[in-house]
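Enquirer: Would you mind keeping the following structure in view while I ask a few things?
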Amino acid sequence: DRKMNIAAIRKRKNSSEKIIMLTCYDYSTALLLDSLGVDLLLVGDSLGMVMLGYDSTVPVTMEEMLHHCKAVSRGAKNSLVVGDMPFLSYQISNEEAIKNAGRFLKEAGCDAVKLEGGIEVADKISAMVKAGIPVMGHVGLTPQTASSLGGYKVQGKDLDSAKKLLLDAKAVEEAGAFSVVLECVPAPLAALITEKISIPTIGIGAGPECDGQVLVTHDLLGMFEKFTPSFVKKYANLAPIIKDAINNFIEDVKNDNFPDDDHSFSGNSEVIEKLKW
Ligand code: KIV
Ligand code: NA
């Protein structure tokens, strides 16, 4: 059993301690993040873009998600692991939603699942929660349906859409989710939603008043050069560092500087002598 648990995440609502969540797609990164006390490791379907090279999260399959979730679960000793349900794995029926969510827990060692949407998916969340599956909601910009929303942009700017967003967050709360991600929401609206609902909000591009924050780890490390959203703060710029290291390796091999004696096995010279003729 992991040290962190769902009840502890819920309790952060009434504490000053922020919830820390980061995306994680593999075992060695899970070991690093887990060792630093990250509360939640999100195996986000963003892995479709970051790990698999798709143009959006839409093509990501259950099998692809489970494959990465298994690796992350093996590395998470303390952090909770949240598996992101891929597009169309939860929309079709309550039965399919429960069945697919169950696979994240039973086959891939996840502690909870996340799914996108508000009022439209409240019945699915409720069914999953009744089946005993901890669910994290996700409202605001929902990348799986971004094209219907007019692209990757801030949500809830006018009165109607702000009201819809508040009602979406309420619906997710009432359906029994233990927390909810707010993505690309104006800071004052995210603050209002955080005040109006009883479960923790975890923001991404949603200002400082949320109960927690999440970022895509590759973005904050500066490893994904293709595209960086404006709300991301880069805490490192690893892409040039990785390129430098690889360039040095290429140079060393080409110039016969690697491997040197320190990085070779010396063996037994008498054996080699006897083999010579
Ligand atoms: O897939 C993902 O990484 C996410 C986070 C950005 C919240 O859903
Ligand atoms: Na996602």
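Each row is one residue, and each column tells you yes or no for (1) farther than 23 Å from residue 29 by Cα; (2) in contact with a Lys or Arg (Cβ under 9 Å, 6 or more places away or on another chain); (3) more than 16 Å from ligand 2 (Cβ to nearest atom).
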site: 213; (1), (2), (3): no, yes, no
site: 223; (1), (2), (3): no, no, yes
site: 226; (1), (2), (3): no, no, yes
site: 236; (1), (2), (3): no, no, yes
site: 258; (1), (2), (3): yes, no, yes
site: 263; (1), (2), (3): yes, no, yes
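Enquirer: Right, another one. Name, by its number, the condition in (1) outside any helix (DSSP H, G or I); (2) away from ligand 2 (no atom under 16 Å from the Cβ); (3) surrounded by 14 or more Cβ atoms within 10 Å (Cβ to Cβ) that does not hold for residue 98.
Expert: Result: residue 98 fails condition (1) only.
Enquirer: Got a number for residues in the stretch 145-169 being among the acidic types (Asp, Glu) and either crowded, with 18+ Cβ neighbours inside 10 Å or at pLDDT below 95 (or both)?
Expert: Qualifying residue count for the region: 1.
Enquirer: Please work out which one of (1) assigned to a loop (DSSP other than H, G, I, E, B); (2) touching a strand residue (DSSP E or B) at 6+ places or on another chain (Cβ under 8 Å) is the condition residue 104 fails and give its number.
Expert: It is condition (1) that residue 104 fails.
Enquirer: Then there is this: Just to be sure, is residue 204 among the hydrophobic types (A, V, I, L, M, F, W, C), in contact (Cβ under 8 Å) with a residue 12 or more places away in the chain and in contact with a helix residue (DSSP H, G or I) (Cβ under 7 Å, 6 or more places away or on another chain)?
Expert: Values: among the hydrophobic types (A, V, I, L, M, F, W, C): yes; in contact (Cβ under 8 Å) with a residue 12 or more places away in the chain: yes; in contact with a helix residue (DSSP H, G or I) (Cβ under 7 Å, 6 or more places away or on another chain): no.
When the stated conditions are applied, residue 204 does not pass them.
Enquirer: Residue under question is residue 36, and the condition is that it be within 14 Å of the chain's Cα centre (by Cα) and not basic (Lys, Arg); does it hold?
Expert: no
Enquirer: If you don't mind, another one. Within the stretch 1-34, can you find the residues that are assigned to a loop (DSSP other than H, G, I, E, B) and of a type in the set (Lys, Arg)?
Expert: In the first step, residues of the stretch 1-34 are kept if they are assigned to a loop (DSSP other than H, G, I, E, B); the result is 1-5, 15-18, 24-26.
Hits for the stretch 1-34 are 2, 3, 18.
Enquirer: Still on this model: Going residue by residue through the stretch 80-94, is there one that turns out to be of a type in the set (Asp, Glu) and either at pLDDT below 95 or surrounded by 24 or more Cβ atoms within 10 Å (Cβ to Cβ) (or both)?
Expert: Checked the stretch 80-94: at least one residue is of a type in the set (Asp, Glu) and either at pLDDT below 95 or surrounded by 24 or more Cβ atoms within 10 Å (Cβ to Cβ) (or both).
Enquirer: While we're looking at this one, here's another question. In the stretch 263-277, which residues are more than 29 Å from residue 223 (Cβ to Cβ) and under 42 Å from the mean Cα position of the chain (by Cα)?
Expert: Of everything in the stretch 263-277, those that are more than 29 Å from residue 223 (Cβ to Cβ) and under 42 Å from the mean Cα position of the chain (by Cα) turn out to be 264, 265.
Table: residues versus (1) touching a strand residue (DSSP E or B) at 6+ places or on another chain (Cβ under 9 Å); (2) within 11 Å of ligand 1 (Cβ to nearest atom).
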| position | (1), (2) |
| --- | --- |
| 42 | yes, yes |
| 60 | yes, yes |
| 80 | yes, no |
| 86 | no, yes |
| 93 | no, no |
| 121 | yes, no |
| 124 | yes, no |
| 154 | yes, no |
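Enquirer: Any residue at all in the stretch 206-229 that's farther than 26 Å from residue 38 by Cβ, in the same structural domain as residue 119 (by TED's automatic domain parsing) and touching a strand residue (DSSP E or B) at 6+ places or on another chain (Cβ under 9 Å)?
Expert: no
Enquirer: Just to confirm my filter: which strands (runs of 3 or more DSSP E) fall fully inside the stretch 170-270 and include at least 3 residues that are buried (at least 19 other Cβ atoms within 10 Å of the Cβ) and among the β-branched types (Val, Ile, Thr)?
Expert: 201-204
Enquirer: Oh, and also: Looking at 233, 276, which is the one that is basic (Lys, Arg), within 16 Å of ligand 1 (Cβ to nearest atom) and without any contact (Cβ under 8 Å) to a residue 40 or more places away in the chain? Write out each step before concluding.
Expert: Working: 276 fails: within 16 Å of ligand 1 (Cβ to nearest atom).
The conditions single out 233.
Enquirer: Still on this model: Of the conditions (1) away from ligand 2 (no atom under 16 Å from the Cβ); (2) farther than 20 Å from residue 137 by Cα; (3) buried (at least 22 other Cβ atoms within 10 Å of the Cβ), residue 68 fails just one. Which one is it?
Expert: Status for residue 68: all satisfied but (1).
Enquirer: From (1) part of a loop (DSSP other than H, G, I, E, B); (2) surrounded by fewer than 24 Cβ atoms within 10 Å (Cβ to Cβ); (3) within 12 Å of ligand 2 (Cβ to nearest atom), pick out the condition that doesn't hold for residue 45.
Expert: Checking residue 45 against (1) part of a loop (DSSP other than H, G, I, E, B); (2) surrounded by fewer than 24 Cβ atoms within 10 Å (Cβ to Cβ); (3) within 12 Å of ligand 2 (Cβ to nearest atom), the one that fails is (2).
Enquirer: For residues that are at positive phi and assigned to a helix (DSSP H, G or I), tally how many sit in the stretch 83-95.
Expert: The number of residues fulfilling the criteria is 0.
The values are calculated or read from the model by the stated rules, or taken from the named source; none is laboratory data. Please read these numbers as outputs of a predicted model, since none were measured by experiment. Glycine gets a Cβ as well: all are built from the backbone with ideal geometry, and neighbour counts include every protein chain shown.
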